[in-house]
Amino acid sequence: MSLIEEIDRERLPQHVAIIMDGNGRWAKAREKDRSFGHQEGVVSVRKVVEAATAIGLKYLTLYTFSTENWNRPEQEVQALMSLLVSAIHRETPDLMKNNVRLMAIGDLSRLPDDARVTLQGCIDQTSVNTGTTVVLALSYSSRWEIIEAIKKIAGEVAEQKIIPNDITEALVSDHLTTKGIPDPDLLVRTGGEKRISNFLLWQLSYAELYFTDMFWPDFREEELYRAILYYQQRERRFGKTSEQLIL
């Protein structure tokens, strides 16, 4: 029996974010090139997106390529960008079929032209869909995002559009790339590491954290369901006591 049968559909996280780690180590363990791990990782993305739509998740954010990843060997970066283009071309028909909307956050100006154009085409085409929203974090880092938000807010203060006392949590959130997207309820990280790695630092303030030793290419539908079941066992107090939640 699938773990999906054990999930309480009334208590789903609204937003799940995933740090997809371990492609290279998965490939190395099989004496394969790192690119082989990235290709298998795309299969996991497809399976997890299908699982998310099957249970009715509203938002799924995938840490696809970090700002720091630009420092990897040029050949690997080029392979990743080519893989992104081919994957979007291949998966767009299924996204439309499954009513999935695609979005992207990050410094997309750094993407190669073909990757940026292909990505934007998919975003535009799927914008009419009303099911699960899949957010790709591409050329993304949280510190970059926060710095950009500070610059915009400082500019508005300088132009006297706002005063410093107008700066609230809500205003900061509205200047982040995730504006309009609810904060993640659950963060999943594969690959055995137990750190956030400059990912959604502002937005993850109250997220439940789920770490697994499983490398991303092995993470499929049942693993997502297991993470959600873990989430449903947590008591989310947001600074309150258990007794306050009962009242």
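For region 37-62, name all the residues that are out of contact with any helix residue (DSSP H, G or I) (no Cβ under 6 Å at 6 or more places or on another chain) and either closer than 22 Å to Thr177 by Cβ or of a type in the set (Phe, Trp, Tyr) (or both). Of everything in region 37-62, those that are out of contact with any helix residue (DSSP H, G or I) (no Cβ under 6 Å at 6 or more places or on another chain) and either closer than 22 Å to Thr177 by Cβ or of a type in the set (Phe, Trp, Tyr) (or both) turn out to be Val45, Val49, Ala52, Leu57, Lys58, Tyr59, Thr61, Leu62.
Residues checked against (1) among the aromatic types (Phe, Trp, Tyr); (2) under 18 Å from Asn23 (Cβ atoms):
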position	(1), (2)
Phe65	yes, yes
Pro73	no, yes
Ala87	no, yes
Leu95	no, no
Asp113	no, no
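Filtered by the rule that a residue be under 30 Å from Trp26 (Cα atoms) and without any contact (Cβ under 8 Å) to a residue 24 or more places away in the chain, region 165-185 gives no residues. When region 126-164 is filtered for residues that are in a loop (DSSP other than H, G, I, E, B) and either surrounded by 19 or more Cβ atoms within 10 Å (Cβ to Cβ) or among the hydroxyl-bearing types (Ser, Thr, Tyr) (or both), the ones remaining, listed by number, are Ser127, Thr130, Thr132, Ser141.
Okay, residues lined up against (1) in contact with a strand residue (DSSP E or B) (Cβ under 8 Å, 6 or more places away or on another chain); (2) in contact (Cβ under 8 Å) with a residue 60 or more places away in the chain:
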site: Pro93; (1), (2): no, no
site: Lys97; (1), (2): no, no
site: Leu102; (1), (2): yes, no
site: Asp107; (1), (2): yes, no
site: Asp114; (1), (2): no, no
site: Thr130; (1), (2): yes, no
site: Leu138; (1), (2): yes, yes
site: Ser142; (1), (2): no, yes
site: Glu148; (1), (2): no, no
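Within region 207-240, the set of residues being modelled with pLDDT of 95 or more and in a loop (DSSP other than H, G, I, E, B) comprises Ala207, Thr212, Asp213, Met214, Phe215, Phe219, Arg220. A residue that is surrounded by fewer than 16 Cβ atoms within 10 Å (Cβ to Cβ) and either without any contact (Cβ under 8 Å) to a residue 40 or more places away in the chain or assigned to a helix (DSSP H, G or I) (or both) cannot be found anywhere in region 186-193. When Met96, Met103 are screened for being aliphatic (A, V, I, L, M), farther than 20 Å from His38 by Cα and in a strand (DSSP E or B), only Met103 passes. Residue pairs whose Cβ atoms lie under 6 Å apart, separated by 6 or more positions or on different chains, with the first residue in region 203-222 and more than 13 Å from Ile18 (Cα to Cα) and the second at pLDDT below 95, are Tyr206/Phe238.
Of all residues in region 1-26, those satisfying the criterion of being touching a residue at least 60 places away in the same chain (Cβ under 8 Å), surrounded by 15 or more Cβ atoms within 10 Å (Cβ to Cβ) and outside any loop (DSSP other than H, G, I, E, B) are Leu3, Ile4, His15, Val16, Ala17, Ile18, Ile19, Asn23, Arg25, Trp26. What pairs come out if I take residues in region 59-77 that are in contact (Cβ under 8 Å) with a residue 24 or more places away in the chain and pair them with residues that are part of a strand (DSSP E or B) and of a type in the set (D, E, K, R) whose C-beta lies under 9 Å away, six or more apart or interchain? As it stands, the answer is Tyr63/Arg189, since those pairs meet every condition given.
The values are calculated or read from the model by the stated rules, or taken from the named source; none is laboratory data. On a predicted model such as this, the values are computed, not experimentally measured, just so you know. All Cβ positions, glycine included, derive from the backbone under ideal geometry; neighbour counts span all protein chains shown.
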